[in-house]
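No value in this document is a laboratory result; all are computed from the given coordinates. Values in this document were obtained by computation on a predicted structure and should not be read as measured data. Positions of Cβ are backbone-derived with ideal geometry, glycine not excepted, and every protein chain shown enters the neighbour counts.
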Amino acid sequence: MTNPRSISMQRRLLGAELLRLREIAGLTQDEAAERLGKAPNKISRVESGKIGIDRSDLDVLLDLYQASEKDRLWCRDLARAARPKRGRPTGSTVHVGPRWFRAFRDLESDATEVMNVCSEVVPSILQTDTYVRAMFDGQGVDPADRKVTDTLRVRAERRRLLHREHAARFTFVLSESALRRQVGGPPVMAEQLRHLAGVAALPNVTLQVVPFDSRSYASLTNIFTMFRFDHEMARDLVYVGMHADAMYLDKPDTVNSYADHFRRLQAVALEPPESRRLVQTAAEEFAAKG
């Protein structure tokens, strides 16, 4: 039986998507509730993931928000997955197929705290356009390919999350490898690392680097992102990316294990001011090569 004190990831994602569509439509929660014929707090509770929504009400909202067919399919998939099912285990591991990254973007946008561990490359939300293009070039992808332009557009949208009003708290722990592994030529790396140093100075961003000479055995091979939310009943979630898929973990013991691992990495990493100086030094070293 599903724990009533927990919110399923799918219901949370559906709420975030309906919030996005409502704001695009230029409607307030009260206006949407009035058109739906429901109590004023109905929309708020759905958008926060505290309650679900039935198919008929969902269709009314999607019509009201003039949602695209793609958005309608996504919302209906989420609503279907969020419905309680007999025998569903509490805190199950959730796998997301081809639409895994849309789920990630919704969580990233809705979270109040985002914690990321990255080892070999700069975290995607911190990547510059030239760095992204260089990564695709290294894979032999045509620069004019739609995949490249779509990725650049999405990265630009995600970067704005760092600067928006009431922005989430972002904490990054990187291996020094991410600073030294050359993606593109030295000018690309110099620009990328200068951008990284600039972002590290933001009041809502903490960046720490685990240096090569760290004596800790804390593993940096476990690359993951943890999301925290300020919703009353929402649990933390851990995202683990794979080659063409993703896994979301919300079992409390598992999430706590990842949280402990993140804290251990922070403990062996350089402090934020020293980490930023290391990033700046690496940037200048690349600039000198260019």
Next on the checklist: Take V240 and Q280, extend 7 Å from each Cα along the Cα→Cβ direction, and tell me the distance between the two endpoints in nm.
Outcome noted: 3.8
Checklist entry - Hey, which aspartates and glutamates would be in cross-link range of K42, C-alpha to C-alpha under 18 Å, not counting anything within fewer than 8 residues on its own chain? => result E17, E23, D30, E31, E34, D54, D57, D59, D63, E232
Next on the checklist: What's the magnitude of the charge dipole for the chain around its Cα centre, counting Lys and Arg as +1 and Asp and Glu as -1 at the beta-carbon? Answer in Debye, nearest 20.
Outcome noted: 660
Checklist outcome for this item: For the chain, whose charge dipole is built from +1 on Lys and Arg Cβ atoms and -1 on Asp and Glu Cβ atoms, the candidate among I51, P40, V173 with its Cα farthest towards the positive end is I51
Item to check | Mean shadow area of the chain over all directions, Cα convex hull, nm² | outcome: 16.5
Item to check | Student exercise, region 9-82 dipole from Lys, Arg, Asp, Glu Cβ charges, in Debye to nearest 20 | outcome: 320
Checklist entry - Within the chain, which is the longest segment containing none of the GluC sites (Glu not before Pro) that sit in a DSSP loop and have at most 12 other Cβ atoms within 10 Å? => result 1-164
